[in-house]
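Worksheet for the structure shown next.
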Amino acid sequence: MNVSIIALSFSQSCYWFAVLIGVSLSSIIGIQLAPYSSLATLPYGLVSLGALIATYKLSIFMQQHGRRKGLRLGAIAGAISGLLCMLAILQESFYLFCLANFLMGIYQASSVFYRLAAIDETPIGQHGRVMGLVLSGSLLAAVLGPSLAMQANQWIKQPAYLGAYLMLTVFTIIAYFLLGKLNVQVIAQPIIKSASSRFIKHSGFLIGVFNTTFTQFVMVLMMVVTPLAMHSGHHSTNQGISVIGWHIIGMFLPSFFSGKLIDRFGTKSITITGLCILSLSAMMAILGMELINYYVSLFLLGMGWNFMYMAGTAQYTKSIEPIEKGKAQGVSEVIIALSSIIAVISGGVLINWFDWQQINQCVLLILACILLLNLWFKD
């Protein structure tokens, strides 16, 4: 197998371990450090803001200088973020913790290009398969991450969670070295200022970006509010980490076959399948707020996200001309990052107004509308 694909897959594992820590702990630490409880989700929201600001610039940078330099730059930002999180916990500084999470957004921005870097190195008929291989690397984080995070928290018992962020820093450094295996010569291309923007008018590009953006919004929204809902429902932090771990398994377990299904059955069929799975996730949440409901709902949420995210990516990338790649990928990933910011901010507000079940009822209604839109669209 291509060494670059393997490196990207393991780098994906390292990144998603950082996500597991961030999602499970940032809001809880936010409650402890924030001057107002309503600001508890602000640090994690700043991750998305950092990603929004960095995504387009990274896309253009990588077209000029190659994927390897751009992706390693993101890993460096992740390592600095982990160290600053530790310092913020030691000093009990909410604002330093916010800065650290903002820098983590640069790492997040770089990680979204892992699957696109894999596409760059393979022929069109294999795009779904290699995307699946890269995304499936996250399963290592999902399977091993919760237990590693719990063990890391025992390394340094006071202050709490310091050990988890130490391990996060270690994984970002590992990612930096793994990304050194990328073949830069395959990727780097000069920027042409007059590059075409025809992709903006391409219906396949528009529906692909819309589907990818929508599923990212729903996934981030529920991933942010779930630990807070569990915390208020007196479930333990370890149970919250475990639920998020199973969510990540749901996100990436289908990667072993979803890419092949896209190559065989097309993007529209897989998108509709993803929407149906997301609907099942919402219905499971509506049925109750017991621990089993959280596990099953978040697992199905991950599966539905995988199908829609993979299909949406394949849909919009095949609508792009080579000369448009830097601009088009930058625009699309910025839109997706913006949806994450809106989701995080919305989650912090909605969880104070509604409970977990009521939020899922609204999600279910919106899913029905998106399903009708995709059924109407001609692939």
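Looking only at segment 230-269, which residues have a backbone nitrogen under 18 Å from a spot 7 Å from the Cα of residue 352 in the C-beta direction?
Residues 230-233 fall inside that zone.
Can you compute the FRET efficiency between residue 150 and residue 60 using 1/(1 + (r/R0)^6), with r the Cβ-Cβ distance and R0 = 35 Å? Round to the nearest 0.05.
On the way: r = 40 Å, r/R0 = 1.15.
My answer for the efficiency is 0.30.
How much length, in nm to one decimal, is gained on full extension between residue 32 and residue 256, taken as 0.36 nm per residue of separation minus their Cα-Cα distance?
On the way: separation 224, 0.36 × 224 = 80.64 nm, distance 3.94 nm.
Here the segment from residue 32 to residue 256 would lengthen by 76.7 nm.
For the chain, what are the DSSP H helices with axial Cα length of 18 Å or more and mean Kyte-Doolittle hydropathy of at least 1.6? The partial results should precede the final answer.
On the way: long enough: 3-33 (43 Å, 1.64); 42-65 (33 Å, 0.80); 67-91 (36 Å, 0.98); 94-111 (26 Å, 1.15); 138-155 (24 Å, 0.75); 162-178 (25 Å, 2.06); 203-232 (43 Å, 1.35); 237-252 (23 Å, 0.82); 267-286 (29 Å, 1.52); 291-317 (39 Å, 0.70); 325-353 (41 Å, 1.13); 356-376 (31 Å, 1.51).
Qualifying helices: 3-33, 162-178.
Find the accessible area per residue for the chain; the probe is 1.4 Å, ligands and nucleic acids are left out, and the unit is Å². Don't skip to the answer; put the middle values down first.
Working: 15310 Å² over 379 residues.
With the other protein chains kept in place, the chain gives 40 Å² per residue.
Over the Cα atoms of segment 20-148, what Rg and Dmax result, in angstrom?
16.4, 53
Which value at 222 nm does the chain reach when only helices count, each DSSP H run of 4 or more adding -39,500 (n - 2.57), with the total divided by all residues and rounded to the nearest 500 deg cm²/dmol?
On the way: 16 runs with 308 residues, N = 379.
Result for the chain, helices only: -28000 deg cm²/dmol.
Ordering 129, 115 by how much accessible area each has at a 1.4 Å probe, largest first, what is the list? Working shown, then result.
On the way: 129 95, 115 5 Å².
Ranked from most to least accessible, the order is 129, 115.
Once neighbouring chains are kept in place and the probe is 1.4 Å, which whole percent of the accessible area of the chain is contributed by carbon and sulfur?
Values: 10390 of 15310 Å².
With neighbouring chains kept in place, the figure for the chain is 68 percent.
The values are calculated or read from the model by the stated rules, or taken from the named source; none is laboratory data. All values derive from a computational prediction rather than experimental measurement. Positions of Cβ are generated from backbone atoms using ideal geometry, with glycine treated the same way; all protein chains shown enter the neighbour counts. For the accessible areas, the whole protein counts, side chains as well, though only heavy atoms, and no ligand, DNA or RNA atoms are used. Shrake-Rupley method; radii C 1.70, N 1.55, O 1.52, S 1.80 Å.
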